[in-house]
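The values are calculated or read from the model by the stated rules, or taken from the named source; none is laboratory data. Since the model is a prediction, treat every value here as computed from it, not as a measurement. Cβ placement follows ideal geometry from the backbone for every residue including glycine, while neighbour counts extend to all protein chains displayed. Surface accessibility is based on the protein's heavy atoms, side chains included, excluding ligands, DNA and RNA. Shrake-Rupley method; radii C 1.70, N 1.55, O 1.52, S 1.80 Å.
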Amino acid sequence: MSAARKDGVRQRAVGNLDIIKRFTWEISSINTHLEELRQCWARTLGISGPQWMILMAISDLDKDDGVPINVVSKLLHVDPSFVTTQSKLLEKKGLLRRKPSPTDARVVRLSLTDKTLKHLASLAEQYKTIREYVFEEFDERELTEFTTRLATLKTRLEKACLRVALEI
């Protein structure tokens, strides 16, 4: 198919509001199911879904010296004060450590405790099974391409939000 024909097909598809509405509802539904999974895993530690997400962000980002609060807040798209408040609660439960950065005492770095790391390790097999089931229809190339397209969509939605905010 020629590039011009592909663009024409793509424009007609984008012009079809029914598919865009369906896509929006499908994404919303996916988020609901992801939230259900987060809540289930969070309950195993006696914490909330958002607290679970903080722990997961730290788990993914920490390279042995902790993760600054502002980095976690950017990944989760929440205010740093929310991460600060929740991290203090998680620290009281013994699930994470808060320590000042050695180079800038104003920066607090978060890291997981051994208790949390052991708990995550105990969930690893269940998580792997769920992940394999959910993504079994994608090979690595397809998943990479799909994820790249979702990232592009996310960026465009961020810009759209800014546009709407400026117009209101």
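Counting just the residues of the range 110-131 that are of a type in the set (Val, Ile, Thr) and within 22 Å of GLY66 (Cα to Cα), which one comes out surrounded by the fewest Cβ atoms within 10 Å (Cβ to Cβ)? Break it down into steps so the answer makes sense when it comes.
Filtering the range 110-131 for residues of a type in the set (Val, Ile, Thr) gives 113, 116, 129-130.
Next, only the ones that are within 22 Å of GLY66 (Cα to Cα) stay: 113, 116.
On the way: THR113: 15, THR116: 20.
Result: THR113.
Out of all the residues in the range 78-87, is one or more at positive phi and either part of a strand (DSSP E or B) or under 16 Å from the mean Cα position of the chain (by Cα) (or both)?
Taking the range 78-87 as the starting set, the residues that turn out to be at positive phi are none.
No: zero hits.
TRP25 is checked against (1) open to solvent by 70 Å² or more (accessible area, probe 1.4 Å); (2) hydrophobic (A, V, I, L, M, F, W, C); (3) modelled with pLDDT of 95 or more and fails just one. What number does that condition carry?
It is condition (3) that TRP25 fails.
Tell me which of these ARG97 doesn't satisfy, since it passes every other one: (1) open to solvent by 70 Å² or more (accessible area, probe 1.4 Å); (2) in contact with a Gly (Cβ under 9 Å, 6 or more places away or on another chain); (3) in a helix (DSSP H, G or I).
In the conditions (1) open to solvent by 70 Å² or more (accessible area, probe 1.4 Å); (2) in contact with a Gly (Cβ under 9 Å, 6 or more places away or on another chain); (3) in a helix (DSSP H, G or I), ARG97 misses (3) alone.
Buried (at least 18 other Cβ atoms within 10 Å of the Cβ) and in contact (Cβ under 8 Å) with a residue 40 or more places away in the chain, is that true of VAL72? Break it down stepwise before answering.
Numbers: buried (at least 18 other Cβ atoms within 10 Å of the Cβ): yes; in contact (Cβ under 8 Å) with a residue 40 or more places away in the chain: no.
So VAL72 does not fit the description; no.
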